[in-house]
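Some notes on the structure that comes next.
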Amino acid sequence: MYLHPEVETLSRPDIEKLQLKRLKATIDRCMHSPFYKERFQQCGIKPEDIQSLEDLQKIPFTTKQDLRDHYPFGLSAVPLEEVVRLHSSSGTTGTPTVILHTQHDLEEWANAVARCLYMVGLRKGDIFQNSSGYGMFTGGLGFQYGAERLGMLTVPAAAGNTKRQIKFITDFGTTALHAIPSYAGRLYEVMEEMHIDPRRDTHLKTLIIGAEPHSAEQRRRIEQMLGVKAYNSFGMSEMCGPGVAFECMEQNGLHIWEDYYIVEIVDPVTLEPVPEGEVGELVLTTINREAMPLLRYRTRDLTRILPGDCPCGRHHKRLDRMKGRSDDMMILKGVNIFPIQIENILLQFKELGNEYLITLTNLDANDEMTVEVELNDFTDDYGFLQNLTKKITRQLKDEILITPRVKLVPKGSLPVQEGKAVRVKDLRKTLI
């Protein structure tokens, strides 16, 4: 069950003892970072002031803006000649965020990803296909090196070219696939068009999904469509990439590797800690990184720590699936709404497909929401469509407290992205 039993089976007291030891070493290392050295001096904090895990709260938060303001190497804690790789954010506007890695960092990253893949049953002999982008995006190389660390035959298919992806799956006997949830649905649609039955014509058994918020219902649909077990993963480039947290075979929350990270959940407005079990913003501190440690990094991802123990025997804390991002929240007529709330409702209707688009407009100074969603099968039965539209609208209103305009559109009508799905189009910002 365990790739690294000496770490994965640690008790809570032993996990916290290891964390404190590594936190102190990390803070000492941070004193070699121009950014953190100045930050500590400004706040009147010394490394010796951190004598417990609770003392971590004395340190200010680190934000994405801090990384941008000190672009490219202002947060480095080692000389540049010790750095062997950098990755940067995939943002297309503004200054990107840059993360640096020593050889030690890359080795530990590969170990963390390998631990995740082993935890869901993947072994040497499996054939692992990765449909993530390579290059600056961390999903490609992160999973690549983790899969290789386990000795699997890896297929670095990269993103896009869906028919080629399917050819690789069928020709190479792919047993495990990494794909974002929306793209997994796209793969199935193209398989249908090619008259390929994934249960009959492929050897797929395991799917790794992540990188975009998705509901439990979407995961269930993907499993049924492809005939696989789909395991949720969480990672972000600032924390290396994939391998931060992962579901075990129980599929009841993502174990976050606390020998690598210290976890906090805070109120995204007050920035005060929330009680365990309540939803808030995930804050992470790296405790096993050389080149560029980050202290109390605000991820903007919204989740909660799940209470209780996992039957798998691991005592590392479990995160609930990501509810969305605090900066993705839509405010409409004074109501806070997240796209995942709308998805949860739409996927309850078997008549609907996986693709939807939320458009926000401003008409006569009133905010309006339109939800376009694809039908699974074409029909021109006006009465049926009208009745279905009313049911969807009513359930959405009960969930988000406002009444959206619902438009049912034929399958294939909405734009398809090879990368992360674009679920919200906010046109209010362009209206004057």
- For every helix of n ≥ 4 consecutive DSSP H residues, a contribution of -39,500 (n - 2.57) applies; sum these over the chain, divide by its total residues, and give [θ] at 222 nm rounded to the nearest 500 deg cm²/dmol. -9500 deg cm²/dmol
- Can you pull the accessible area of PHE35 for me, 1.4 Å probe, Å² to the nearest 10? 10 Å²
- Could you please put THR403, THR206 in sequence from largest to smallest accessible area, using a 1.4 Å probe? THR403, THR206
- Note on the structure: Among beta bridges assigned by DSSP with both residues in the chain, the antiparallel ones amount in percent, to the nearest 5, to 60 percent
- Between VAL406 and residues 5 or more places away or on another chain, which pairs have amide H atoms under 5 Å apart, with H built 1.01 Å from N, and which residues are they? VAL371
- Query: Residue by residue, what Karplus-based ³J(HN,Hα) values in Hz, rounded to whole numbers, does segment 218-224 have, using 6.51, -1.76 and 1.60 with θ = phi - 60° and x for Gly and Pro?
  - Reply: 5, 4, 4, 4, 4, 4, 5
- Query: With every protein chain left in place, what is the accessible area per residue of the chain in square angstrom, probe 1.4 Å?
  - Reply: 45 Å²
- Message: Can you report the principal axis dimensions of segment 317-411 using only the alpha carbons, biggest first, rounded to whole angstrom?
- Response: 46, 43, 21
- Given a 1.4 Å probe and every protein chain left where it sits, what share in percent of the accessible area of the chain is carbon and sulfur? 51 percent
- Task: For SER182, tell me the accessible area in Å² from a 1.4 Å probe, rounded to the nearest 10.
- Result: 10 Å²
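Classify segment 77-234 as rounded, prolate or oblate, taking a ≥ b ≥ c as the square roots of the eigenvalues of its Cα gyration tensor: rounded when a/c is under 1.5, otherwise prolate if a/b is larger than b/c and oblate if not.
prolate
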- Item | From phi via Karplus (6.51, -1.76, 1.60), per-residue ³J(HN,Hα) for segment 204-211 in Hz, x at Gly/Pro | 4, 9, 10, 10, 9, 10, x, 6
- The pairs in LYS64/LYS350; LYS124/LYS411; LYS64/LYS323 lying past 30 Å Cα-Cα in this model are LYS64/LYS350; LYS124/LYS411
- Note on the structure: Diffing segment 332-347: the Karplus 3J(HN,Hα) column from phi (6.51, -1.76, 1.60, θ = phi - 60°), in whole Hz with x for Gly and Pro, holds 10, 6, x, 9, 7, 9, 10, x, 4, 5, 5, 4, 4, 6, 4, 6
- Note on the structure: Hull surface over four for the Cα convex hull of segment 186-253, reported in nm², is 5.2 nm²
- Item | GNM flexibility winner over the chain from THR170, THR286, THR303 (Cα, springs under 10 Å) | THR170
- Query: Can you give the convex hull volume per residue for the Cα atoms of the chain, as a whole number of Å³?
  - Reply: 155 Å³
- Message: Sorting check: for 292-301, 192-201, which peptide has the highest mean count of neighbouring beta carbons within 10 Å, and how do the rest follow?
- Response: 292-301, 192-201
- Considering the chain as a Gaussian network with a 10 Å cut-off on Cα pairs, which listed residue, ARG289, ARG221, ARG321, attains the greatest mean-square fluctuation? ARG221
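The values are calculated or read from the model by the stated rules, or taken from the named source; none is laboratory data. Because the structure is a prediction, the values reported are computed rather than measured. All Cβ positions, even for glycine, are placed from backbone atoms using ideal geometry, and neighbour counts span all protein chains on display. Accessible surface areas use protein heavy atoms only, side chains included; no ligands, DNA or RNA. Shrake-Rupley method; radii C 1.70, N 1.55, O 1.52, S 1.80 Å.
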